[in-house]
Amino acid sequence: MEYNFARIEKKWQDRWFSEKTGAAVTGSEKPKFYGLIEFPYPSGQGLHVGHARPFTAMDIICRKKRMDGYNVLFPIGFDAFGLPTENYAIKNHIHPSIVTRDNIANFTRQLKMLGYSFDWDRCVDTTDPDYYKWTQWIFLQLFRNDLAYKATMPVNWCTSCKCVLANEEVVDGVCERCGSEVIRREKSQWMLRITKYADRLIDDLDDVDFIERVKIQQKNWIGRSEGTELTFATTAGDPLTVYTTRCDTLFGVTYMVLSPEHPYLEKWKDAVSNWDAVSAYRDEAARKSDFERSELNKDKTGVLLDGVRAVNPATREEIPIYVSDYVLMSYGTGAVMGVPGHDQRDWEFATKFGLPIIEVVRGGDITKEAFTLKDDTGIMVNSGFLNGMTVKDAIPAMKQWVTEQGFGHPKTNYKLRDWVFSRQRYWGEPIPLVNCPKCGWVPVPEDQLPVLLPEVESYEPTDTGESPLSKMTDWVNTTCPHCGGPAQRETDTMPQWAGSSWYFLRYMDPKNDSAIASKEALDYWSPVDWYNGGMEHTTLHLLYSRFWHKFLYDIGAVPTKEPYAKRTSHGMILGEGGEKMSKSRGNVVNPNDIVEQYGADTLRVYIMFIGDFTKAAAWSGKAVAGCKRFLDRIWVIASERREGDELSKANEKEVHRAIQKVGSDIEEMKFNTAIAQLMSLVNQFYANEPSRGDIRALLLLLSPFAPHIAEELWELQGFEGMACETAWPVFDESKMIDEVKTIAVQVNGKLRSTVAAPLDADQQTLLELALADRKIAGYAEGMEIVKTIVVPNKLINLILKPKK
RNA sequence: GCCGGUGUGGCGGAAUUGGCAGACGCACGGGACUUAAAAUCCCGGGUUCGAGAGAGCGUACGGGUUCGACCCCCGUCACCGGCACCA
């Protein structure tokens, strides 16, 4: 009989979906396991082989967990709001909701074709009003708790998408999505106060099992730094406050710098004698994008503020104040103290402007570059009461001094900024607020949610930068929920990150119409036990969703502080030549083609065998065929009716080892070596005819990886039920023992021979066996044994030296 | 520049974390079956020298620790990812 994968895969998928073998049961007595993958964006291109890697991995884990007796929640959904769909809709004059519906249908078909054991009854779609009702509800809670606010600020503006971008969406000065230029633009935007959660987002990482590089990347992104705020008196009267992490260098401050956006510039206008030059510099800086301003190795530029001077509180000396765009308004206070001896940027500025450079930490050569080391090697000099101390001691000493003197105080700063939450686009969740001339911003009452996205004629972006919704006057004009007077709806929509910030909660109870999910479901399923996803989401989705979840925890809406107990990450699938897959390179592999040619099981096995799951891996068409060959070999050996329900004597050792190895490899995401182990087992069966019991074990081990062929062979062999619903086999360590061990024999640390020895042979026995070996005897000739090192059951190393 | 990561045959990758480097697969070579080819099955293989038994050299490079190092330590180089005038 032939291995007809197309027929078999269709047959078993129909059966799994009709019998709902992937269904999760809220409240079951079994232990629960919640395995999560990042739900896909349903693009027009359809499923990519890149999706297949993490999806197959988590499917294998979840299938194994079910066999281990867990009540598994393994859900799927679609993150369907967003720009590509909207752009496609505009270009082809099809409504985004229709584009979305078609794309979801296509994705669903493809996901089912790969045999993933999702609980399809829990499928969510972020563009479904029954879903985004709750996205809007969460926004309203944020608003009520003063975590959403409107602010006019310079924002990143994509010139092509005609839309505001979050900092995270700007990559190398261009739009992450379309690659167009991003400029700065003043706009009034809804903001979320993620910065209020900065400390908890860092500190609570200690309580979760995330891979280390995710934790480090999140910490770096949040960028907490412990420093000091210092206040300098000025001749203009206004005290000037700066932030520094090196208050120990205060005696070395020889000038001050303000950012071009610093409010004091306007304030000091009359006191500044060269205002024209200052004003011109400021205007020039304003015209530049953030990217231009921060371009690599740019020469320092700046202008002296002629007429105002600051006073160094430590030395009491007057020092000049400059304006320069190397100081950012958005970090710290927008002003810095210049310490050219011990900060490289200050050193460059001082060198260019001929400012004095004072050494206050000994250890470097400040005529050549700034000496920036902060460790114990530096000793304070030219620094009054700090002289002779190490930098390490000087920092707290200075902190204490400035605090006592009233010049400053300790201060923590963060690189993290608040989250720009508005988008001037159509295809997103409407922000459920009404602007009333009398009452200000008023939330839409919760019983009126969802605020539906209105049907519009044109959803094209406007040149003014207003949302397309602003043209819908019927929809925009409404009454104030508070005073009943005429008012206007907010026309901005939410960013794509909104719907994905809480979707894992909705899976727990997806049809609930009175809450994001029932308390019972939240208590039962929380937290997500294992979340696997891409590293590219570490500082966006993963951080945003942790923020929302902590907020929901604070208002009592969810039972855990953290949403995800464990986070792992997979490597990218690259094209055949090791380059990123892209349409322009023409190296994109379509899963449909692979499934058609080899079947879903082959694709699943190959994508897991391709290499280390955590590292990038290049596609190989030849190697796919090798995996098909592996399944063919299984078909041949397992489709034939076998005798004997026990494991065969010849194979039992290898079977037990495989049960152990495959099981532990799945837990550790070492899928490639798990499959290698299965291949070895099949090779073993080709050498020693397997019993029916041997085949049974093989099929169970195979079933998470290649579930269709495993079920078909399971049925052919006449085993009961379905393999995917059978318990994972148990290994017996005592059956895995070799009675005879091959022992490596080293002479002076070099491998010279191997000998066969009984299990657990002692040193004396091993020594005798080694010396009985012809080659070793040759080496030992005329030598004496100085030392013998034995690693039980592994190795004996003889240290020899010539006899005197 | 800073923070992470990686570097092993012709190729993808293994190595119980200090104990026989190269599992498993791809590609390749040889054999069996076949009129022939494909498919399948069996065998082989790091590299150099050697007819051979065998010996030397081998985990990016240079040192070190150790009876013993792909693994630990110090230094260097290359590539990948993230951040980047964050004071």
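The values are calculated or read from the model by the stated rules, or taken from the named source; none is laboratory data. Just so we're clear, the structure is a prediction, and the values are computed from it rather than from any experiment. Counting neighbours? That spans all protein chains shown, and the Cβs are built from the backbone with ideal geometry, glycine included. The accessibility values were calculated without ligands, DNA or RNA, using every heavy atom of the protein model including side chains. Shrake-Rupley method; radii C 1.70, N 1.55, O 1.52, S 1.80 Å.
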Exercise. Would you tally the residues in the range A:427-440 being part of a strand (DSSP E or B) and surrounded by fewer than 18 Cβ atoms within 10 Å (Cβ to Cβ)?
Key: 2
Self-check item: Tally of residues being among the acidic types (D, E) and either at pLDDT below 95 or open to solvent by 10 Å² or more (accessible area, probe 1.4 Å) (or both) across the range A:55-73
Solution: 1
Quiz prompt | A:F349, sole failed condition from (1) part of a loop (DSSP other than H, G, I, E, B); (2) within 27 Å of A:Y414 (Cβ to Cβ); (3) more than 35 Å from the chain's Cα centre (by Cα) | solution = (1)
Exercise. Would you mind stating whether A:M380 is modelled with pLDDT of 95 or more and crowded, with 17+ Cβ neighbours inside 10 Å?
Key: no
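One line per residue, one yes/no per condition, for (1) outside any helix (DSSP H, G or I); (2) open to solvent by 10 Å² or more (accessible area, probe 1.4 Å); (3) free of Cβ contacts under 8 Å to residues at least 40 places away in the same chain:
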site	(1), (2), (3)
A:P75	yes, no, no
A:Y88	no, yes, no
A:I94	yes, yes, yes
A:I104	no, yes, no
A:K112	no, yes, no
Quiz item: How many residues are part of a helix (DSSP H, G or I) and more than 6 Å from RNA strand B (Cβ to nearest atom) if we restrict to the range A:671-695?
Solution: 14
Exercise. May I ask you to list pairs of residues, at least six apart or on different chains, whose Cβ atoms are under 7 Å apart, with the first in the range A:608-622 being more than 10 Å from A:G578 (Cα to Cα) and the second being among the charged types (D, E, K, R) and within 6 Å of RNA strand B (Cβ to nearest atom)?
Key: none
Quiz item: Where residues in the range A:221-276 are basic (K, R) and over 42 Å from the mean Cα position of the chain (by Cα), which of them is farthest from A:T351 (Cα to Cα)?
Solution: A:K267
Exercise. Pull up the range A:606-622, narrow it to residues that are assigned to a helix (DSSP H, G or I) and farther than 21 Å from A:V662 by Cα, then point me to the one that is most open to solvent (accessible area, probe 1.4 Å).
Key: A:K622
Quiz item: Is there a residue in the range A:216-239 that is within 16 Å of RNA strand B (Cβ to nearest atom), open to solvent by less than 70 Å² (accessible area, probe 1.4 Å), of a type in the set (A, V, I, L, M, F, W, C) and farther than 21 Å from A:E261 by Cβ?
Solution: yes
Quiz item: Pick from the range A:588-605 the residues that are assigned to a helix (DSSP H, G or I), in contact (Cβ under 8 Å) with a residue 24 or more places away in the chain and polar (S, T, N, Q): which of them is least open to solvent (accessible area, probe 1.4 Å)?
Solution: A:T602
Quiz item: Is the range A:702-713 home to any residue that is closer than 23 Å to A:Q13 by Cα and among the hydroxyl-bearing types (S, T, Y)?
Solution: yes
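Within the range A:1-27, can you find the residues that are within 18 Å of A:E520 (Cβ to Cβ) and open to solvent by 30 Å² or more (accessible area, probe 1.4 Å)?
Scanning the range A:1-27 gives A:A23, A:V25, A:T26, A:G27.
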Quiz item: What are the residue pairs meeting all of these: first residue in the range A:774-796, first residue of a type outside the set (S, T, N, Q), second residue more than 9 Å from RNA strand B (Cβ to nearest atom) and modelled with pLDDT under 85, Cβ atoms under 7 Å, and 6 or more apart or on different chains?
Solution: A:G782/A:P802; A:G782/A:K803; A:M783/A:K801; A:M783/A:P802; A:M783/A:K803; A:E784/A:K801; A:E784/A:K803; A:V786/A:K801
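Tell me, please, whether a residue that is open to solvent by 70 Å² or more (accessible area, probe 1.4 Å), free of Cβ contacts under 8 Å to residues at least 40 places away in the same chain and either touching a Ser or Thr at 6+ places or on another chain (Cβ under 9 Å) or within 15 Å of RNA strand B (Cβ to nearest atom) (or both) can be found in the range A:339-354.
Yes: one or more hits.
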Quiz prompt | Residue under evaluation A:T742, criteria (1) within 30 Å of A:E646 (Cα to Cα); (2) more than 9 Å from RNA strand B (Cβ to nearest atom); (3) open to solvent by 80 Å² or more (accessible area, probe 1.4 Å); (4) of a type in the set (S, T, N, Q), criterion not met | solution = (2)
Quiz item: Can you tell me which residues in the range A:297-313 are within 15 Å of RNA strand B (Cβ to nearest atom), open to solvent by less than 40 Å² (accessible area, probe 1.4 Å) and assigned to a loop (DSSP other than H, G, I, E, B)?
Solution: A:K300, A:G302, A:N312
Quiz prompt | Top-ranked residue in the range A:638-657 [being part of a helix (DSSP H, G or I) and open to solvent by less than 10 Å² (accessible area, probe 1.4 Å); ranked as nearest to RNA strand B (Cβ to nearest atom)] | solution = A:A638
Practice problem: State whether the residues of the range A:500-510 include one that is aromatic (F, W, Y), part of a helix (DSSP H, G or I) and open to solvent by less than 10 Å² (accessible area, probe 1.4 Å). | Solution: yes
Exercise. Go through the range A:453-476 and give me each residue that's over 18 Å from A:S160 (Cβ atoms) and either modelled with pLDDT of 95 or more or among the β-branched types (V, I, T) (or both).
Key: A:V456, A:T473, A:V476
Quiz item: List pairs: first in the range A:725-737 and at pLDDT below 95, second of a type in the set (D, E, K, R) and in a helix (DSSP H, G or I), Cβ under 7 Å, 6+ apart or cross-chain?
Solution: A:K735/A:E652; A:K735/A:K653; A:M736/A:K653; A:M736/A:R657
Quiz item: What number of residues within the range A:408-426 are assigned to a loop (DSSP other than H, G, I, E, B) and within 10 Å of RNA strand B (Cβ to nearest atom)?
Solution: 4
Self-check item: Residue satisfying condition, being on the phi < 0 side of the Ramachandran plot, surrounded by fewer than 22 Cβ atoms within 10 Å (Cβ to Cβ), in a loop (DSSP other than H, G, I, E, B) and of a type in the set (D, E, K, R), within set A:K561, A:K550
Solution: A:K561
Quiz item: Is the range A:705-715 home to any residue that is within 16 Å of RNA strand B (Cβ to nearest atom) and either open to solvent by 60 Å² or more (accessible area, probe 1.4 Å) or hydroxyl-bearing (S, T, Y) (or both)?
Solution: no
